[in-house]
Every structure is written in C-alpha cells, then in structure tokens.
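No value in this document is a laboratory result; all are computed from the given coordinates. Not measured: the values here are computed from a predicted model. Glycine gets a Cβ as well: all are built from the backbone with ideal geometry, and neighbour counts include every protein chain shown.
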C-alpha cells in the first residue's frame, strides 16, 4: 500500500512549532498510514472542545439525581421532606446520602408520603444502592423502572399500600441483597424468577395477597424469609423448609415445617357394600298381607317420631354437665383453684382440601388429639405457639392454684402457680362473639408476634363456653402499680432514667405492632397494660406491652373501654375494635403524660382531662414532684418529652406523629441528654435519620 499524503518527512516541531509529527497508525499487515502534520492550535482547540463537552456530562449526573428527587418530592406535596432546591442535596437534604457526587442512598421512613410513586423519578437515580420508603402511605404499583438501577442492593417498601404484581424488572437486579415488600396489598403469584436473585439474603413478602404455589427458590444465601398471611397454597419446597413455621403461617401451605401434605394423591372412592343375604332375599309385599297404604304411612310416621324422641333424650344426656362441674376460671376468689374441667367438645373441622379457598391464617401446628374412647370425639387441648416449651397441659392448669391479678376490658387475669413450680398468667376472655375458626386464625397471628417489648402469648384454649390465653408471668407487675401504688414517704423515688426507659420500650413495642400492617393496632394502650419484667431497668426488655391483638378479636360489649381505659381513648374512638394506629398514638401520648406528671389519666380538674389540663399551663411545675429533684438537663429532657406527648394527643388524628417518628424523637431526646450529661459520645442517629440495627429492633434499614 502506498503511503497517503506527502512522501517526504514533515518538518520537525523545532523548525515548525505549529506542526506535530504523529506516529504511524499500524494496520493489520504491519503497514501503516502516515498522517500529515496537525497544527498545535487545532489540537488545543480540539481538546478544549472535548473538555467543554465532557464537563456538563460529569456535572449532569448529580444534577439529574437532584432533578429526579425534586420530581419525586413534588408528586407527593408533603411538608415533611424539607429539601431546599438551592442547596447541595448531598450535604443538606435529609435522607439523601451521596458518594462521588452521586446519590447512593434514599431513606425516607415514616415521612407520610401518600400516593403513587411516579415513573421516571426513582428510576433516574442510576447510582442508587439503597432505597427505604417503609411505613408511608404509598399506593399503586411498585415502580417498574427500579429494574433500571443496576446498582441497587437494598429495597425496602414495607408497611405501605402498594398493589398489583411484583414487576418482573426486579429480577434483573443481580446485586440485590435485601428485598422487603411486606405489609402491602400486592397480588399475583410469587414468580419463579426470584431464583435469579442469587445475592439475596433477605426476602420479606408477608401480609400481602400473593397467591398460587410457592416456587422452589434455591437461594443459598437466603437467611431471612417470610411469606406469612398471603393466599399461597400447595407444598413447601425442600429448599425453603429450613425456615421457621412462622414464615409460612396464614396460607394454605403444607409440608415441613408445617403439617405434612395430605390428600395430594388420588383417593379411591369407597366400594359399595356387599349385599347381605337379607337384601338378596325375595321381597314380600306388605300389601299382600293385607296392610293398606294408610297403615304403612302411619307406621313410618310413628317410627320417625319415636326416633326423634330417643335422639333428643340422648342429646340431653350427652350435653348435661357432670355433677360438680365448674366453668374454667369461674369465681374470682384469690384462693380459688383453677377449674379447667373442660367439657367434651366436637373436634376441629376437617382440613381444607387442596384447591379450596385459603383462609386468613392457618390452624396452629400441633400433635394429633387423643380420644377418650374409641367412639368419642377428641378432647380439646391447649394449643401452643412457635417454639414455646410444652411443659404443662390443660390438666396442669386444672390443678394449679390461682390468684386474681385484675379485670379489664377483655376479661379477668389470673396468676396460676403450677405444681412443678412454674408460674404463668391465664386470661379468661369474656363475651367472645368471634366464631371458632376466625378466632383461631386471628389468635395465630398474635401468637406469631415476637418482640422484646411484647408479652409473649404462649398458648390458648378454645371451647364453646371458655376461651383462655396463657402468657408469661411478669414479676414486677404493671406500670400503673409502680407509678400510683404506695406513694408514701417511704417509697423510693421513681427516677427519670427508669421512666424514660419504660417510655422507649413501650414505644418500640407499639411501633412493632404497627409495622405488621397499616391496619394493625393495639386498641387498649394504658399503664396497666405495660408490664415490667424482673430484668434490669436498663435492659431493652424492661417493659412489655400486654393484651396486643385482642381488640380486633373480641367483639360485642367487651370491646368497649373500661372506666379507667376510657381516659386513654382518643376522642374519635367509640369502640376498641375500631382502633387505629392514630388512636394508639393518642393513648401512648396520655401514657407519656402519666409518666411525666405522676398523675393517673382519670385525674381531672372539673371537666378537663389530663391532656387539656396540661395544655392550659404547660410548664415544668406540672412534672411529678419526684422528678423535680433531678438536674436541669434531665428537666429539659422531660419538657421535650412533654412536648412530644402533646403532639401525640392532638385532637386531629392526621396531625399526630407515627410511632416510627415517636421512637426516633424519644431516642434523639435521650441521646442528646446523655451526651450533655456524661459526654459519652454523640447520638448514634445517622445522617438519614434512621437508627442502626441494634437500636431498631432488628430492622435492616
């Protein structure tokens, strides 16, 4: 090949400073093309043009992230996101974390975001790694353009009202490690394509409306998994059977760790009975023996009446109580024995056949019930939850001595001392109008709740005449007794450190209840339902909430608040069964005021309740006299807590904070006071406003 251009060598740079001698461009066969001289001025112009072209691209990434975030905020129009468009988002925008001038994390939990997530907003954050929008009021579908963000590792939309199917674009996120879509309204199947997310170590899809069979997700890195309370059916695959039974409750699933799958193979129809010799004998006509049709009809009618009479007598004999029988937990004497001589009752309904509609929650896993005799019905027994140790049974409770601990909206509570020395608490429910299947389904969900600040429900007993719940015994009694009992001069003062730890523990427990679903509420928060364990008061398990879940199980008059509980009731609440998360926040605010003032909510000056009484004269003089002895830093902390309590008891439910926000504020108040008083370090709240794992009860983001 002939060289292109002049054949003579170009002048050197020294002789011609405006010329540049470029090297030969090698071709495939070792030959080259000699490029002619390029003026330096032209080269500099080229470099300048390139820099002007590439600079906007480098800055456009952060600008595009900023534009996407502002578009995201504008679609909700909330004031809780205070992003100044004139300030650097990486420095001044709450919930936004950057790296190398790119937005890599967006954390906005409990920010009251309400509405659909618009397309082309979050999907334009192309460097995003973490997105946490849990506990908002987001609706509509999960944005499909999340699949365009290939850098995503954590997605958390828990506790919203997202609907529709899980978008297939999610399955292209090969680096995704944690996906939480629990507590939403998602429908459709769980796609087998989830198996493509091989990096996944957490998958939460509980409390949705997902249906169909559970696919075999052979995800070896998966350590946390939950699909409870959906509409799933069929067997659990071996790859998922390693997870606890609570991960699958509330479906029509079977197989390990639940009950074995039965009825999945064809069952032969029963063979017709072999005719007896009498059946094959020649039939003799009664008319041939002179009986008229009217006589035959009379014989048949008389026989039927006789059979009915005999059957009625048998039923009365069977249903008549035995001599000396007492209803379980009847009588309120502290020395009364726990009477648990349960009547024989019909067994549980037959298991739902495959293909039948799924119920809200499954029956608890339990051993087959024994029968008293070969022909008698099975006797009902205690049904235990989860990993509760079955160290006692119904007969042990029968022989136990009982002491009345109190009476509340849902029934009477007893302290039962078993013969082997174990102490449990038995609540005898009253006026339960809920059908047995619905009761079982709902109480199973309550039994599956596990949190350090909830009193664990260990077992239940359901009979037509009696409904019993068995709990752990809390040896320190209730907060109400601690606050208002024995306030004489000899009582040691209840210091603010103890009170604030109780307030935080109760807030954590209530926050957990609310996290189960947008409709999940306690309904009866009061100081007598805050129980204290025997552990150190600095322990996170120091205080626990009792009676959780009962407001939504018990109907009728029992759902009306008691006289003492009425002072905690939100103004808009007329029936405990209609309790909401906002009414829970109100009750918690009253509880905070009770801790701060030392006054029971029933205290009133004329017709003014405790919250309105404090509102009339908001000052530190309203604090409990035992607290006024504390240092000034502690008093300032108490006043901030009182301000938070007044926000909780606002008359407008929509203006009350969420329990997520309440927990965050209490932790901020306590951390700030601690850093001021003992200089033990700064608060452990990160830039996004969220708490690390050890302060958030196991939540990953």
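For residue 654 and residue 79, the difference between the fully extended length at 0.36 nm per residue and the C-alpha to C-alpha distance is 205.7 nm. Assuming R0 = 60 Å, what is the FRET efficiency of residue 211 and residue 631, from their Cβ-Cβ distance, to the nearest 0.05? Rounded to the nearest 0.05, the efficiency is 0.55.
If the chain linking residue 647 and residue 120 were pulled fully straight, counting 0.36 nm for each residue of separation and taking away their Cα-Cα distance, it would gain 186.1 nm. Modelled spin labels at residue 399 and residue 172, positioned 7 Å past Cα toward Cβ, are 6.8 nm from each other.
Protection proxy ranking, highest mean first, for peptides 200-207, 423-430: 200-207, 423-430, where packing is the per-residue count of other beta-carbon atoms within 10 Å, averaged. With a simple spin-label model that places each label point 7 Å from the Cα along the Cα-to-Cβ direction, the separation between residue 71 and residue 578 comes to 4.3 nm.
Please give the FRET efficiency for residue 612 paired with residue 185, using the beta carbon to beta carbon distance and R0 = 51 Å, rounded to the nearest 0.05. That gives a FRET efficiency of 0.85. What FRET efficiency, computed as 1/(1 + (r/R0)^6) with R0 = 25 Å and r the Cβ-Cβ distance, is obtained for residue 465 and residue 417, rounded to the nearest 0.05? Once rounded, the FRET efficiency stands at 0.55. Distance from the alpha carbon centroid of segment 589-664 to that of segment 118-188 works out to 39 angstrom.
Every Cα-Cα pair of segment 383-472 was included, and the share exceeding 21 Å stands at 30 percent. All distinct Cα pairs of segment 59-254 go into the 1/r average, and the inverse of that average, the Kirkwood radius, is 17.3 Å. Here 613, 93 are placed in order of increasing Cβ neighbour count within 10 Å, fewest first, which gives 613, 93. Listed from fewest to most Cβ neighbours within 10 Å, the set 381, 440 follows the order 381, 440.
Pull up the DSSP beta bridges for segment 59-254 and report the antiparallel fraction as a percent, rounded to 5. Bridges in segment 59-254 that DSSP calls antiparallel: roughly 10 percent. The gain in end-to-end length when the residue 64 to residue 165 segment is fully stretched comes to 33.5 nm, 0.36 nm per residue minus the alpha carbon separation.
Counted by neighbouring Cβ atoms within 10 Å, the residues 547, 396 run from fewest to most as 396, 547.
Taking 7 Å steps out from each Cα toward its Cβ at residue 600 and residue 239 produces label points 5.9 nm apart.
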